[in-house]
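A short worksheet on the structure shown next.
The values are calculated or read from the model by the stated rules, or taken from the named source; none is laboratory data. Note that this is a predicted model, so its numbers are computed, not measured. FYI the Cβ positions are ideal-geometry reconstructions off the backbone, even for glycines, and counts take in every protein chain you see. The protein model used for the area step is the full one, side chains on, heavy atoms only, and it has no ligands, DNA or RNA in it. Shrake-Rupley method; radii C 1.70, N 1.55, O 1.52, S 1.80 Å.
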Amino acid sequence: MKISLNWIKKYVKPQISDDELIRLSGARLVEVEGVIDEAKKYDNIYVVKVESAEKIPDTHLTLCQINDGSEELVQVVCGAPNVREGMYAVWIKPGAIVPASVHEDTPFVIGKRKMLNKYDSNGMLAGADELDFGDDHSGIVEIDPGIAKPGDLLKDIFELDDKILEIENKSLTHRPDTFGIIGFAREVAGILGVSFDYEYQDTTLVPGKDLKIEIKDKNIAARYTAVVLEKHGEIKKKYLSWMDTILSKSGMKPISPIVDVTNYLMLLTGQPLHAFDYDKFIKVGKTDNPEIVVRLAKKGEKIILLDDTEIILNENDIVICSGEIPVALAGAMGGKSTMIDENTRSIIIESATFSLYNMRKTQMSHGIFTEAITRFTKGQPPYQCLKVAEAASEMLSDGFRVAAVADTQKSPEALTRVYVSAEEINNLLGTDYDEKTIARTLENVGFGIKIKNGIFDVIVPLWRTDIHIKEDVIEEVGRLLGYDNIKPVLPLHDTAEKDKLFSIKKEVRDILSSFGANEVLTYSFVSGKLIEKAGQDTKKSYRIINSISPELQYIRQSIVPSLLDKAYINQKIPVDKFAIFEINKVYNKAWRLNAEGVPVEKMRLGFVLAERKNTGTAFYVAKKFVDEFLKRLNIVATFEAKGQETEVSEPFETKRSADIIVDGECIGVVGEFKNSVRRNFKLGDFLAGFELEFDKILEKAKPTSSIDVRPVIEKRDLTVETEKTYGEIITNIEDILKKHNLEAEISPLAIYQPENIKHVSVHLEFKQKINDDLMQELEKIA
């Protein structure tokens, strides 16, 4: 959404700089993504009077003498068909940049030219498209002589020296009132601590019986208002208007007098309008008088929209019908069959509210992102439907008069009241605001306030559909007065016991990060294909009935498959060597439901390492990671041949993996992955990982921040001939070292088995001095 700062200033007069106003708006109201400074966009562009206009023979060109307010006339050659003597036009002076090209990589600078090798042309007379006021290239723009004189700067006449705020729509999801300039300006007034005086006049339109409206389901449209306007004169769009410029600055295009009025009022109030051709409407419905029906679409119905796109409707779409025939996709776009044109004699102005949930589904189903549907997806309140329709009739009164009015709302909406005390407000915010400050702050943005016995009776304005409870009101006070103005003070209470889960998680992250691994965060929702690629059974996973994507249909059983998916992306980049891990929750149907009737969830730690150019054995690298990691947590683990197959162990190769045993209990699995899994994920040969039950780590860990920083003093390699397994050899080495009160970092070098006898080689790093007797003792462990 684009917001003109000059337009805001028509409703509130800030006594601070533009930069400070933008900063405060970003801090207390909305996310400002960017600011477009148009201060220089219209430099050296003037209003001029065409004093003479002579056709150049055998061309479409006209030789013009223009008055720019100086003593001498300026000669310009113009190719526009509408240029004529006496008109007021817009002149882009030589050396000026054409406004429509200002933000291009190479802006177009106007110069002096010799046309037809004969006529000097100084600058140009500009059309609407060149001035960045729409796409109209049919001629040059004409200026009303009543508002300007020759030599006036165009930007002074139309307030073009402006700043345009680019607003992130999502930051206003629950604030539909701020999608109109009036609502936005009201919030700015509240932030600045000044009153906002804009008030709607009571409507003079009285609904009659000549216009029939039927809403088939009140859940899809809270209110529908229609006003029939009958043509009694001409609305001629002759001159460039302030409305043209403000529509353009707001990201829209001037189209025609009727459409421009509906778009302008939408930008002003936040309430979208639509205009139907009255005669076409009743012709489609084959009735003498309009019969407006609002209903859900039937599956397979089709409609051709204003942009000539034919869409197939679904049961979530709301349609506006003439009788039974759809003529508009409600809230999104009108239909071609009732489009207004130059022959339109009467119109129907629609002002309505539609279900934001249906609007969001329509938006995503058909890819329609108009300004209107953007506002409807925020939940436009119904309070101003008739008032905005009446405003449209007044703006079009030169050419149309009201012939009929209909409104489905029969009685005013009930006002919401919230009761809260100053004490409650200050206690929650940590402030000491007095009653007067609180009352004035809320009144500035339209809240009604009555105070009795220290209790605020807060009357919520109809446009604030987000205020329901006292905490909402308290948040409003804090936001408007500025959270940054609240002095941070630590609460006074007894020191709480440190949360063990939080501490262990931090310890795990720190340890694995210190080993060179990177933490990732992936979706708990995965595709069925991902589960199957990891060798797991989708029947063990919970399926999401209303998943937001075909790729997110199941809840995962384990962490490792998601990490393998990310490993593929990293190897594809390519990253030659990496390790990634994740701590997150997993679910399995076999665990059934808990006492609250929801699926049992378990916390897991998953880890995957990969290297593109390593031809060694990945199992031992992964084992070293998990072994050292557990040691840092003071957990002593042993590794045994993989036992019973589980959802965790399914991706791992049985002969190249091991169960991780702590206190006689299996807490996870470490190893290399099955060739089928590796091929499914398109990963290299050097690939391994582990997955642990985090709850078991939490139970058994004794975290310590102490790290042995002693340097390595001695390094030795040891090779033994043995029939034992590698794990048994390591256990024997550790037992001997423990007997001598020694410690060593043990890492595998090679396992070679030409016949029956295995040759196992390991590398040992000591932080203490050792003697040869120890190595001789170690050589006997075979």
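Its residues counted as N, the stretch 432-479 yields a C-alpha radius of gyration over 2.2 N^0.38 Å of 1.06.
For the stretch 594-640, the mean projected area of the C-alpha convex hull, equal to one quarter of the hull surface, is 5.9 nm². Expressed per residue, the C-alpha convex hull volume of the stretch 629-694 stands at 96 Å³. May I ask you to derive the FRET efficiency for Q409 and T309 from their Cβ-Cβ distance with R0 = 30 Å, giving the value to the nearest 0.05? Computed FRET efficiency for Q409 and T309: 0.40. Label-to-label distance, L749 versus K767, with points set 7 angstrom from Cα along the beta-carbon direction: 2.3 nm. Assuming a ≥ b ≥ c are the square roots of the Cα gyration tensor eigenvalues, decide whether the stretch 427-557 counts as rounded (a/c under 1.5), prolate (otherwise, with a/b larger than b/c) or oblate. Oblate, since a/c reaches 1.5 and b/c is not below a/b.
When only alpha carbons are used to place a centre, the stretch 156-183 and the stretch 269-335 end up 29 Å from one another.
If the label point is 7 Å along Cα→Cβ of K302, which residues in the stretch 367-390 have backbone nitrogen under 19 Å from it? What the label zone holds, given the 19 Å backbone N cut-off, is 367. Given the whole protein assembly as supplied and a 1.4 Å probe, what does the accessible area of K739 come to in Å², nearest 10? K739 exposes around 140 Å² with every protein chain in place. For the stretch 589-644, the list of chymotrypsin sites (Phe, Trp or Tyr not before Pro) that fall in a loop by DSSP and count at most 11 other C-beta atoms within 10 angstrom is empty. Over the stretch 699-782, the hull volume per residue, using the convex hull of the C-alpha atoms, is 120 Å³. Take the Kirkwood radius over Cα pairs of the stretch 113-177, plug it into Stokes-Einstein at 37 °C and 0.692 mPa s, and you get 207 µm²/s for translational diffusion. Spin-label model, K212 to I544: label points 7 Å out along the Cα-to-beta-carbon direction sit 4.6 nm apart. Hydrodynamic radius of the stretch 448-503 by the Kirkwood approach over all distinct alpha-carbon pairs: 15.0 Å.
Computed over all pairs of different Cα atoms, the Kirkwood value for the hydrodynamic radius of the stretch 1-101 is 17.1 Å.
The residues of the chain expose on average 51 square angstrom of accessible surface per residue, using a 1.4 Å probe on protein heavy atoms. Relative to the longest principal axis of the Cα atoms of the chain, the long axis of helix 18-28 makes an angle of roughly 50 degrees. Annotation: for a label point projected 7 angstrom from Cα along Cα→Cβ of W242, residues of the stretch 1-39 with backbone N closer than 15 Å are 4-13.
For the stretch 608-747, place one equal point scatterer on every Cα, skip the solvent, and apply the Debye formula. What is log10 of I(q)/I(0) at q = 0.18 Å⁻¹? Per q value, in the given order, log10 I(q)/I(0) is -1.20. Considering the stretch 520-572, its Cα convex hull presents a mean projected area of 3.8 nm². Relative contact order of the chain: 9 percent, from C-alpha pairs under 8 Å at least 6 residues apart in sequence.
Which net charge results for the neighbourhood of L306, defined as the other residues with beta-carbon distances under 14 angstrom from its beta-carbon, given Lys and Arg at +1 and Asp and Glu at -1? If you can, show how the numbers build up before the last one.
On the way: positive: K253, K280, K336; negative: D277, D307, D308, E310, D341, E350, E371.
For residues surrounding L306, the net value is -4.
Counted residue by residue at 0.36 nm each, then reduced by the alpha carbon distance between them, the extension gain from K253 to D58 reaches 66.7 nm.
Across the stretch 362-463, Cα-Cα pairs farther apart than 23 Å form 55% of the total. In terms of the mean number of neighbouring beta-carbon atoms within 10 Å, the peptides 352-364, 722-734 order highest first as 352-364, 722-734. Applying a DSSP loop filter and a limit of 16 other Cβ atoms within 10 Å to the trypsin sites (Lys or Arg not before Pro) in the stretch 429-502 leaves K498. Once the chain from M364 to K450 is taken as fully extended at 0.36 nm per residue, the excess over their C-alpha distance is 26.6 nm. Length gained on full extension, Y357 to D279: 24.9 nm, using 0.36 nm per residue less the C-alpha separation. If you take the alpha carbon atoms of the stretch 215-336 and fit the smallest convex hull around them, that volume is 129 Å³ per residue. Against the main long axis of the alpha-carbon atoms of the chain, helix 560-572 sits at an angle near 70°. Rounded to the nearest 10 degrees, the inclination of helix 385-395 to the longest alpha-carbon principal axis of the chain is 40 degrees.
Ignoring ligands, DNA and RNA, what percent of the accessible area of the chain is carbon or sulfur (1.4 Å)?
Carbon plus sulfur share of accessible area: 49 percent.
Accessible area per residue (1.4 Å probe, heavy atoms of protein chains only) ranks Y383, Y752 as Y752, Y383, with the largest value leading. Sparsely packed loop sites in the stretch 137-229 (the trypsin sites (Lys or Arg not before Pro) outside DSSP H, G, I, E and B with at most 10 other Cβ atoms within 10 Å) comprise K209.
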